Amino acid sequence: MGATMEEENREMIEFMLDNAVLEEKMGKWKQKEEDVVLFMDFMSALIRRSREDGGLIISIKSKDVPIGAENIEIFRKEKKGDVNIVAGENNRRFAMVFTSRKRFEKCDDTSGFVMFIDELFAFLEAREEIDGVIMNYKEEDVVFSKEMLRVFVDLLDYKGNIEGKIGNP
């Protein structure tokens, strides 16, 4: 007998949020932020997770999705929600994203969608009302400016365009 749709969704979410290596690299870099090598290790892990179809949770306000880490859902266009914004210095606005349910529990008074990393960053980079992203708010607090999101999206798009033109060896 096949798995139910709910079981398949749960398995997909667990696969997408299998970010232990990413969290480890992030933690090492945050302990010594001036270390460029540790930053590059973290960014490499983020790019690798994106290429492996890894995901992040985006905090939203939604009537369609109940609040709480146990209620996160895979993003679907028919589900509606507004991106939760955190105000930073100089009135800059940041979308909240999380690497795991455990980290999302720190802001467990919101709803959440799980999205593929590349699609999430492309979506957020295109939003005029957002100045960047804060990853793991109230935990590591990694901040990406809008420009950093553009660099990340362009890098992944470039890789995709190359593979599309020459094939994947």
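The values are calculated or read from the model by the stated rules, or taken from the named source; none is laboratory data. Keep in mind that this is a model prediction, so the values were computed, not measured. Glycine gets a Cβ as well: all are built from the backbone with ideal geometry, and neighbour counts include every protein chain shown. We work out accessible area using only protein heavy atoms, side chains counted, and drop any ligands, DNA or RNA first. Shrake-Rupley method; radii C 1.70, N 1.55, O 1.52, S 1.80 Å.
See the values below:
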{"quantity": "Surface accessible to a 1.4 Å probe, Met43 within the full protein complex, Å²", "calculated": "20 Å²"}
{"quantity": "Region 100-135: trypsin sites (Lys or Arg not before Pro) falling in loop per DSSP and having at most 14 other Cβ within 10 Å", "calculated": "Arg127"}
{"quantity": "Estimated inter-spin distance, Glu52 and Ala126, nm [label 7 Å along Cα→Cβ]", "calculated": "2.7 nm"}
{"quantity": "Hits among lysines - C-alpha to C-alpha of Lys106 under 19 Å, sequence gap 8 or more where chains match", "calculated": "Lys30, Lys61, Lys138"}
{"quantity": "The chain, helix-only ellipticity at 222 nm - DSSP H runs n ≥ 4, -39,500 (n - 2.57), divided by all residues, nearest 500", "calculated": "-13500 deg cm²/dmol"}
{"quantity": "Two-site label geometry, Met40 and Met148: point separation in nm, points 7 Å out along Cα→Cβ", "calculated": "1.7 nm"}
{"quantity": "Within region 19-58: backbone nitrogen closer than 20 Å to the Lys138 label point (7 Å, Cα to C-beta)", "calculated": "23, 27, 56-58"}
{"quantity": "Relative contact order computed over the chain (Cα-Cα under 8 Å; 6+ residues apart), in percent", "calculated": "21 percent"}
{"quantity": "Residues with amide H under 5 Å from that of Val142, placed H, sequence gap 5 or more", "calculated": "Met135"}
{"quantity": "Computed accessible area, Lys80, all protein chains, 1.4 angstrom probe, square angstrom", "calculated": "130 Å²"}
{"quantity": "Percent accessible area from carbon and sulfur atoms, region 22-111, protein chains only, probe 1.4 Å", "calculated": "47 percent"}
{"quantity": "J(HN,Hα) series, region 18-30, from Karplus relation 6.51 cos²θ - 1.76 cosθ + 1.60, nearest Hz, glycine and proline x", "calculated": "7, 10, 4, 5, 4, 5, 5, 5, 4, x, 5, 5, 5"}
{"quantity": "Pair Glu33, Asp82: separation of 7 Å Cα→Cβ label points (nm)", "calculated": "3.0 nm"}
{"quantity": "In Å², nearest 10: area of Val21 left accessible to a 1.4 Å probe", "calculated": "80 Å²"}
{"quantity": "Å² of accessible area per residue within the chain, as computed with a 1.4 Å probe and no ligands counted", "calculated": "59 Å²"}
{"quantity": "Zero-based 5 Å bins, Cα pair distances in region 2-151, whole percents", "calculated": "2, 10, 19, 23, 22, 14, 6, 3, 1, 0, 0"}
{"quantity": "Aspartates and glutamates whose Cα lies under 16 Å from that of Lys102, excluding same-chain neighbours fewer than 8 positions away", "calculated": "Glu14, Asp18, Glu23, Glu24, Glu70, Glu73, Glu139, Glu140, Asp141"}
